[in-house]
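A short reminder: the numbers here are calculations on the coordinates, not readings from a lab. Fair warning: this is a prediction, and the values are worked out from it, not measured in the lab. Note that each Cβ is placed from the backbone with ideal geometry, even for glycine, and that neighbours are counted across all protein chains shown.
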Amino acid sequence: MKLMVTGGAGFIGSNFVRYVLDTHTDVHVVNFDALTYAGNLENLAGLEEDSRYAFVRGDISNPDDVQAVFAQYGFDAVLNFAAESHVDRSLHFGAQAFIQTNVLGTQLLLDAARKHDVPRFVQISTDEVYGSLGDDGRFSEATPMGPNNPYSATKAGADFLVRAAEHSHGLDAVITRCSNNYGPYQFPEKLIPLMIANALEGKPLPVYGDGMHVRDWIFVLDHCEAIDTVLRKGVKGEVYNIGSMYDVPNIEIVKLILKHLDKPESLITYVKDRPGHDRRYAMDNTKIRTELGWEPKYTFEQGLKTTIDWYLANGPWLEHVRSGRYLQYYEKLYGDR
Ligand SMILES: NC(=O)c1ccc[n+]([C@@H]2O[C@H](COP(=O)([O-])OP(=O)(O)OC[C@H]3O[C@@H](n4cnc5c(N)ncnc54)[C@H](O)[C@@H]3O)[C@@H](O)[C@H]2O)c1
């Protein structure tokens, strides 16, 4: 089975590449990634010599790049992880890059998958497309889309394009919508690695607003296993929500991290809230559990401990990301090829 994984140098994509190669001996992966600031080939260190793995630097929103990779490889499935993924960037730097990659890039992949008769297309989407919840209730696959920030608006746009390609052109496409991920290799602009990294350096831990924004946290390897399950067993045209159904306010996570690292709560610094900050997300994962038989394996305590231990054991990775040195890794590895 030859898989095209877009965005495979990012946080979830790189965990997925490792997971799928470890789990299935008959799988080959082509990692197609533009290496934006979020793409880090150090996440895949050690795989370069694996004959089942290939890296192609390319942009999903560039028709020539997309055409070339589809012409070179006959894919059995495309898994589209590539995205501009950080809400704060979509608010501070504008939506253009998000529209370019998340909307236009997804459409180019859909067109190429149709043209080359790729038997399966998996779109990696997010719970954020549903908008915000009140104090109770959970998002189901039937919840209407209601994105509230430019990032989630472009992810919702991509979902509609995937739906249209399936409905109008018969492409075998499925969509996964997952809740907040955490785990190894996450770029330290996101909540959990940012708090771990700052706590390790004894720096203030910035918490938005009152810290009571609730998210449904899932360990990244549970997400990877769910995607692999949908790839193999998902029904054409269906959407699958993924989450661990473990909802917790941000401030509690920050306090847990400080406790694990034996650092004082006085490091917590409340900062002005993000504009339009969604109050609560929570996923109903009944469909994927009952129809496809997937279950999350990690409790939050296990996942958080594994994550903190990983950051403690991988100081150089964190240092390279924070100093920008990871950007040189591509040149070192592929510069003369
Ligand atoms: N992180 C989460 O909690 C979460 C939750 C649910 C869904 N998702 C979705 O999962 C996917 C992966 O998220 P992540 O957190 O790993 O993101 P990330 O920002 O860590 O990685 C994104 C990757 O995509 C690559 N990329 C960006 N633009 C590209 C382009 N035009 N062409 C090719 N490659 C490009 C980057 O170089 C990077 O390697 C995204 O689609 C995101 O919307 C993330």
Q) Does the stretch 114-264 come out rounded, prolate or oblate, given a ≥ b ≥ c as the square roots of the eigenvalues of its C-alpha gyration tensor, rounded meaning a/c under 1.5 and, failing that, prolate meaning a/b above b/c? A) prolate
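So, by mean Cβ neighbours within 10 angstrom, what's the order for 151-164, 207-220 with the highest one leading? Walk me through the intermediate numbers first.
Numbers: 151-164: 21.3, 207-220: 19.8.
My ranking of the peptides, most packed first, is 151-164, 207-220.
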Q.
Would the stretch 1-111 count as rounded, prolate or oblate if I go by the C-alpha gyration tensor, calling it rounded below 1.5 in a/c and otherwise prolate when a/b exceeds b/c, oblate otherwise?
A. oblate
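Summing -39500 (n - 2.57) over the DSSP H runs of n ≥ 4 in the chain and dividing by its residue number, what mean residue ellipticity at 222 nm do you reach, to the nearest 500 deg cm²/dmol? Spell out each step's value before the answer.
Working: 12 runs with 132 residues, N = 337.
The per-residue figure over the chain is -12000 deg cm²/dmol.
Can you tell me which of 271-278, 103-110 comes out highest on packing, and rank the rest after it, using the mean Cβ neighbours within 10 Å?
Values: 271-278: 12.9, 103-110: 22.2.
Put in order of decreasing packing, that is 103-110, 271-278.
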Q: Pull out the extension gain between Ala97 and Val248, defined as 0.36 nm times the separation in residues minus the alpha carbon to alpha carbon distance; nm, one decimal.
A: 51.3 nm
Q. Looking at the stretch 1-81, which GluC sites (Glu not before Pro) are DSSP coil and have at most 10 other C-beta atoms within 10 Å of their C-beta?
A. Glu49
Q.
List the pairs from Lys259/Lys332; Lys203/Lys305; Lys115/Lys155 whose alpha-carbon separation is above 32 Å, in the order I gave them.
A. Lys259/Lys332
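What shape does the stretch 199-337 take by its C-alpha gyration tensor, where a ≥ b ≥ c are the square roots of the eigenvalues and a/c under 1.5 counts as rounded, a/b above b/c as prolate, and the rest as oblate? Numbers along the way, then the final one.
Working: a/c = 1.91, a/b = 1.17, b/c = 1.63.
Taking the square roots of the gyration eigenvalues as a ≥ b ≥ c, the stretch 199-337 is oblate.
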